[in-house]
Amino acid sequence: MPTSNSFKKLQGFLRARVGQAIRDYRMIEEGDRVMVCLSGGKDSHTLLDILRHLQRSAPIHFEILAVNLDQKQPGFPAHVLPEYFESIGVAYRIVEQDTYSTVKRVIPEGKTMCGLCSRLRRGILYRVAAEEGATKIALGHHRDDLIETLFLNMFHGGTLKAMPPKLLTDDRRHVVIRPLAYCPEPDIARYARYRQFPIIPCTLCGSQANLQRAQIKQMIQDWEKQWPGRTDSLFRSLQNVAPSQLADPNLFNFQDLEERRIPAGEPFPDDDLGSALEDQFNPTAHLAIEPQWPQSGSLETTTLPASP
């Protein structure tokens, strides 16, 4: 375990953000059995590492089961994760299922396989969660993933949605949690380098990278360089939605606004709507609101190790 001050600062920062996300969305409760899905990448390794720390220090008891899906991709180092799980003493299960052959058969050569691969993997993991009696399924998506998904859906799907930090699956049988939802990707990458996790690359299948997501990621990174703090501001927007300022009639009743209109000369009514309207037209009302996030979108650290 690294002992430098910069590592300790980074570690404390990420642990605090994970703990805050767990509290804000009530992700983990007393008696939960949390199935942590490990791909072998930096994000899922960091997630397992931080949850294991919180398991020891949390005021509640919960179990952790690490699960890896071996999809039989060519060159997949099947020994790496079992050896790592054994070395840290965590309960684990390796699931072997050849989804690689299925994807190769269905997806034309040269096309990205990520979408179908992800759907097949998700279905298998849901089945395993039921078999293992898991009450929560923990995934390693971080703050930047949530923001990128927001723009992907806007640009290519015509919908205003992202990845929620906590999700009830469509069949209502599983609760999916994303404890890294408040964690910036650059800090996760630094943490993984410090901890020297046994990283398994996500390119063993030979599939093209998701070019649309890569373009969105580059766009956001460029914004962050030009306007530091922009990424945190984007994430705050996911937590501060104003349906009345959008255009979805399923979320807000635009048709009956006339019935709620206040005649000229009458005071604001003494109700929640009246208070909200009064704040809206009070130019100093916002000064009483404390900001939820620091201005910096990423923890600044000093000397950091190079990638192994």
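The values are calculated or read from the model by the stated rules, or taken from the named source; none is laboratory data. Everything quoted here is computed from the prediction, not taken from an experiment. Don't worry about glycine lacking a Cβ; one is built from the backbone with ideal geometry, like all the others, and counts go over all protein chains shown. The protein model used for the area step is the full one, side chains on, heavy atoms only, and it has no ligands, DNA or RNA in it. Shrake-Rupley method; radii C 1.70, N 1.55, O 1.52, S 1.80 Å.
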- Message: Test of understanding: among Leu168, Leu125, Leu116, Leu120, which residue is surrounded by 12 or more Cβ atoms within 10 Å (Cβ to Cβ) and modelled with pLDDT of 90 or more?
- Response: Leu125
- Task: Could you tell me whether the range 192-210 includes any residue that is surrounded by fewer than 17 Cβ atoms within 10 Å (Cβ to Cβ), touching a Phe, Trp or Tyr at 6+ places or on another chain (Cβ under 9 Å), at pLDDT below 95 and in a loop (DSSP other than H, G, I, E, B)?
- Result: yes
- Item | Breaking point among (1) at pLDDT 95 or above; (2) surrounded by fewer than 18 Cβ atoms within 10 Å (Cβ to Cβ), for Ala66 | (2)
- Single residue of the range 89-99 satisfying the filter (farther than 15 Å from Gly40 by Cβ and surrounded by 14 or more Cβ atoms within 10 Å (Cβ to Cβ)) that is modelled with the highest pLDDT: Gln97
- Task: Give just the number: which of (1) open to solvent by 30 Å² or more (accessible area, probe 1.4 Å); (2) in a helix (DSSP H, G or I) does Leu51 not satisfy?
- Result: (1)
- Which residue, of Glu86, Glu148, is at pLDDT 95 or above, open to solvent by 50 Å² or more (accessible area, probe 1.4 Å) and part of a helix (DSSP H, G or I)? Glu86
- Message: I'd like the residue in the range 12-28 that is farther than 16 Å from Glu185 by Cβ and touching a residue at least 40 places away in the same chain (Cβ under 8 Å) and, out of all such residues, is least open to solvent (accessible area, probe 1.4 Å).
- Response: Met27
- Message: Restricting to the range 59-86, name every residue that is among the small types (Gly, Ala, Ser), touching a residue at least 24 places away in the same chain (Cβ under 8 Å) and at negative phi.
- Response: Ala66
- Message: Pairs needed: first member in the range 229-248, closer than 11 Å to Leu146 by Cβ and without any contact (Cβ under 8 Å) to a residue 24 or more places away in the chain; second member anywhere, among the aromatic types (Phe, Trp, Tyr) and open to solvent by less than 60 Å² (accessible area, probe 1.4 Å); C-beta distance under 8 Å; at least 6 residues apart or different chains.
- Response: none
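Would you list the helices (runs of 4 or more DSSP H) that sit entirely within the range 219-283 and hold 3 or more residues that are under 27 Å from Pro164 (Cα atoms) and modelled with pLDDT of 90 or more? Spell out the reasoning first.
Working: elements: 230-239, 257-260, 272-280.
By residue number, 230-239.
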- Message: Take the conditions modelled with pLDDT of 95 or more, assigned to a loop (DSSP other than H, G, I, E, B), under 28 Å from His79 (Cα atoms) and more than 17 Å from the chain's Cα centre (by Cα) and apply them to Pro179. Does it pass?
- Response: no
- Task: Kindly establish whether Gln215 is surrounded by fewer than 17 Cβ atoms within 10 Å (Cβ to Cβ) and at pLDDT below 95.
- Result: yes
- Task: Determine which single condition Gly31 fails, assuming it passes every other condition in (1) in a loop (DSSP other than H, G, I, E, B); (2) buried (at least 16 other Cβ atoms within 10 Å of the Cβ).
- Result: (2)
- Message: Please verify whether Ala129 is farther than 25 Å from Gln212 by Cβ, of a type outside the set (Phe, Trp, Tyr), part of a helix (DSSP H, G or I) and in contact with a strand residue (DSSP E or B) (Cβ under 9 Å, 6 or more places away or on another chain), treating the condition exactly as stated.
- Response: yes
